[in-house]
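Notes for the one structure printed next.
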Amino acid sequence: MSSKSKRSHARLTVPQIVKMKNARQRITMLTAYDYTMASLLDGAGVDMLLVGDSLAMVVQGHENTLPVTLEEMIYHAEMVGRAAKRALVVVDLPFPINHQGIHQTVVAAGRILKETRCQAVKLEGGADQAEVISALVSAGIPVVGHVGLRPQTVHAMGGYKVQRDQDQLLTDATAAQDAGAFAVVVECVPAEIATSVSKKLIIPTIGIGAGAGCDGQVLVCNDMIGLTSGYVPSFVKAYADISKIIQSATARWCEDVKENRFPDDEHSFG
Ligand code: KIV
């Protein structure tokens, strides 16, 4: 066995993630968009990495997730797929691929798995996407559903709003599960509703702004480490202030260069 295939076998698998729900082990998932960050998060023990379409906002500076393309998702997913040694890597299907027909969606998701070493795709939708999920699963492509707040429908929703329709949430999450999704992201839902839906499903729910009753939690990595310059949702807890560290280091370096203190002898060739 080559060292490459040994490495890929050490990665968490879809069945292992599903089993974590039965074992009552909380699942951790963070977004990652490049090799350096993905290596750090993977090394720190996060269970799942998500190459989220949030990269449109976080990396590209757009005001919502709609502009990112399939080619751009593949470009970033390839870096994350190369970095991950333990984490299972999921890639978002960018808007509006999963609404362009089953064939188009299977082709796009197939490209993601073939070209990036990532193991699964995520798509926004529940009941309305059941046929698409089922076709992907039949093609051997593991799927994570995404219900509650669906950022790709921001214009239809008129903004990012907490989703309070319990029946709709249960219908969508159950439809995703019945169609073969192995997990479902639940976004911006009151904690009580998310807890109740999580208890009714046999697949894990991964919450974001959905309280503590989900089987796992996901956050945008940059929000969690304090690297987001703009708006940060109220449900985010920042565990560091990386922006401050970067700005302070950069300001000190600029000053040292201006004052001729860098490079010094130690950092020059004799
Ligand atoms: O794209 C993303 O970052 C996501 C998370 C918010 C779950 O879908």
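The values are calculated or read from the model by the stated rules, or taken from the named source; none is laboratory data. Keep in mind that what you see is a predicted model, and the values were worked out from it rather than measured. With ideal geometry, Cβ positions are generated from the backbone for all residues, glycine too; neighbour counts draw on all protein chains shown. With ligands, DNA and RNA removed, areas are computed over all heavy atoms of the protein, side chains included. Shrake-Rupley method; radii C 1.70, N 1.55, O 1.52, S 1.80 Å.
When residues in region 23-64 are screened for being in contact (Cβ under 8 Å) with a residue 40 or more places away in the chain, out of contact with any His (no Cβ under 9 Å at 6 or more places or on another chain) and of a type in the set (D, E, K, R), 4 of them pass.
Scanning region 161-176 for residues that are within 16 Å of the ligand (Cβ to nearest atom) and either surrounded by 15 or more Cβ atoms within 10 Å (Cβ to Cβ) or not assigned by TED's automatic domain parsing to the domain that holds Ile102 (or both) gives Gln163, Leu169, Asp172, Ala173, Ala176.
For region 215-243, a residue qualifies if it is in contact with a Ser or Thr (Cβ under 8 Å, 6 or more places away or on another chain) and open to solvent by 50 Å² or more (accessible area, probe 1.4 Å), and the qualifying residues are Gln217, Leu227, Ser229.
Looking only at region 125-140, which residues are touching a strand residue (DSSP E or B) at 6+ places or on another chain (Cβ under 8 Å) and either open to solvent by less than 10 Å² (accessible area, probe 1.4 Å) or farther than 23 Å from His76 by Cβ (or both)? Break it down into steps so the answer makes sense when it comes.
Step one: filter region 125-140 for residues touching a strand residue (DSSP E or B) at 6+ places or on another chain (Cβ under 8 Å), giving 125-126, 129, 132-133, 136-137.
Of everything in region 125-140, those that are touching a strand residue (DSSP E or B) at 6+ places or on another chain (Cβ under 8 Å) and either open to solvent by less than 10 Å² (accessible area, probe 1.4 Å) or farther than 23 Å from His76 by Cβ (or both) turn out to be Gly125, Gly126, Gln129, Ile133, Leu136, Val137.
When region 177-208 is examined, which residues are found to be surrounded by fewer than 23 Cβ atoms within 10 Å (Cβ to Cβ), farther than 17 Å from Lys19 by Cα and of a type in the set (Gly, Ala, Ser)? Once the filter is applied, which keeps residues that are surrounded by fewer than 23 Cβ atoms within 10 Å (Cβ to Cβ), farther than 17 Å from Lys19 by Cα and of a type in the set (Gly, Ala, Ser), region 177-208 yields Ala179, Ala191, Ser196.
Of all the listed residues (Met73, Met79), the sole one being hydrophobic (A, V, I, L, M, F, W, C) and more than 14 Å from the ligand (Cβ to nearest atom) is Met79.
Listed by position, the helices (runs of 4 or more DSSP H) inside region 159-260 whose residues that are closer than 21 Å to Ile133 by Cα and touching a helix residue (DSSP H, G or I) at 6+ places or on another chain (Cβ under 9 Å) number at least 3 are 166-179, 191-200. The C-beta contact set for region 177-200 (first residue on the phi < 0 side of the Ramachandran plot, second residue open to solvent by 20 Å² or more (accessible area, probe 1.4 Å) and in a helix (DSSP H, G or I), distance under 6 angstrom, 6+ apart or interchain) comprises Ala179/Ala130; Ala179/Ser134; Phe182/Val14; Phe182/Val18; Ile193/Gln166; Val197/Leu170.
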